[in-house]
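The values are calculated or read from the model by the stated rules, or taken from the named source; none is laboratory data. No experiment lies behind these values; they were computed from the predicted model shown. Cβ: placed from backbone, ideal geometry, glycine included. Neighbour counts: every protein chain shown.
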Amino acid sequence: MKMSSLKWLVVCVVAITTTAMCGPAWAVTVIDGNASVADGYASLSVQNTDTQFGDATTGDPINGGGGSEIDQVFAKIENGRLYMVIAGNLETNFNKLDLYIDSTAGGVNQIIQDGAGGAMNNVPAGVDPFSGGAFEGSNGLTFDAGFTADYFLSFAQGFEKLRPTLPSELQFYAATVHFADLTQGTTGAVVVPGMQLAQRGLPQVLRGTTADFDTDGNVDGGEFLTWQSNYGATGVTRNEGDASGNGSVDDGDYATWESNFGYDVANSTLADYPFAPQSTGIDNSEALLGPTLPGLSQGDLIDKNYALGAGGCNADNSGADCIAKELEFALDVELINDPGNTFSHRNMENTIDLQMAFDNSNVDGVDGGAANGGNYTIATPFDPSLVTTGIEFSIPLSQIGNPGAGDVIQISAFINNGSRDFLANQFAGDGILLGNLGNPASNGLDLGLIAGNQFVSIGVPGPAVAAVPEPSSLALICLGTIAGLVGRRRRS
């Protein structure tokens, strides 16, 4: 074989190999709280009912301005996982986004907690999991006909406290999630998978100081001028120089500014004291984004395994040596020194491989009912299909009963209050065109009596078959050339 023929053969082999490797590329879904077009989500329902739980107005990714709503629901099943985005808002007052998943045969059509109606309990019992206990569902709630719940997820966000009322009390922002297996009756597993400490599932912590009067993430001469111009004023906010929160601008506020002069969130550390962005009309959560926690990716949850590993916390669950103080929240109860759990540890462990993200920045979609004069039986005049941000999560199908190809998963999702005993009027599905539904334990709430389905459905697809790409022109030429060269070689 001549050298020129050999070179051509090498080119051909490279071309064919490259063509073979150019199969379809599967995009990796970024869990960021947004159902982007690139992620391939399908819309399953669009809201028709204005919310009676307040309207979000600020656009802040944490403090949306005081409202909870479901505008649109997206889902997809990919790589053996269920992905969902519940687009809308969830207030930072521990209102809940509750989801009941019907993914296997059997299940419960009515949540019966505490022996309601003289019947036996049919789900795990206990105190509210957001206080560290077991599952407590919407006692008495009856789902639509044909919907039998197998698994439960509940999402919330707000300003948590470690060691409340103790000298070492720490307040900080956290988004949390809880899970319960309803397929085992009262013995079903209850899991607190974990938390996140920043918006959009970012692996960061919030850092700041009340001396940052203009909420731009640093403390400089501008804050001094604000303090100076408002010195002696009363009935003011932090934007006007009140660092202490006592409603006046005084010498104490100057001392806070002086001790924090030169602070810049870009140079803050994980050990710096956390700052809770509680003033919805003042704080800018984006300017509070501080350092990244090591070893976490966007959408990952922080649990006790992370806290005791990369988080640096001591193995005695004392909360000592955590690289960020908030990580103590994920630890188990410290049985020797704090058996009563006054430290407020939550025993978080992500045994279900769940990912999530909160983006509370939506200001579109339904309003608080003002446009319709408070008449919730009239469809919203707005366009909730514009909303793509909210709560996003991903969970393996293996954790919700292993539904297979051709099976249909049904999800009932709605807004509940902080105690999980007063349902709003915000549901996934066809919408209720009513005001708040209230306490199902006292009013015998039956969703089957409301027109339409108050749940959404998604089918489990069969195995993905990758399309075989057509060979390029060069590859075809190469195949012919190789055949010719082989033939010549055999004849020589």
Check Asn246, Asn305, Asn239 and return the single one that is at pLDDT below 95 and either crowded, with 22+ Cβ neighbours inside 10 Å or in a helix (DSSP H, G or I) (or both).
Asn239
Among the residues in segment 270-293, are any surrounded by fewer than 17 Cβ atoms within 10 Å (Cβ to Cβ) and farther than 30 Å from Gly241 by Cα?
no
Which residue is nearest to Asp242 (Cα to Cα), if the candidates are limited to segment 212-228 and must be touching a Lys or Arg at 6+ places or on another chain (Cβ under 9 Å) and surrounded by 24 or more Cβ atoms within 10 Å (Cβ to Cβ)?
Phe213
Quick check: is even one residue across segment 258-266 crowded, with 17+ Cβ neighbours inside 10 Å and assigned to a loop (DSSP other than H, G, I, E, B)?
yes
Which one of the conditions (1) at pLDDT 95 or above; (2) more than 30 Å from Ala56 (Cα to Cα) does Ala271 fail to meet, given that it meets all the rest?
(1)
Starting from residues that are under 30 Å from Asn305 (Cβ atoms) and in a loop (DSSP other than H, G, I, E, B), keep the ones in segment 189-219 and report whichever is modelled with the lowest pLDDT.
Ala189
Does segment 403-419 contain any residue that is over 25 Å from the mean Cα position of the chain (by Cα) and either among the charged types (D, E, K, R) or modelled with pLDDT under 95 (or both)?
yes
Of all residues in segment 78-104, which are closer than 24 Å to Gly140 by Cβ and more than 19 Å from the chain's Cα centre (by Cα)?
Asp102, Ser103, Thr104
Have a look at Gly299, Gly222 and point out the one that is modelled with pLDDT of 95 or more, over 16 Å from Phe172 (Cβ atoms) and part of a loop (DSSP other than H, G, I, E, B).
Gly299
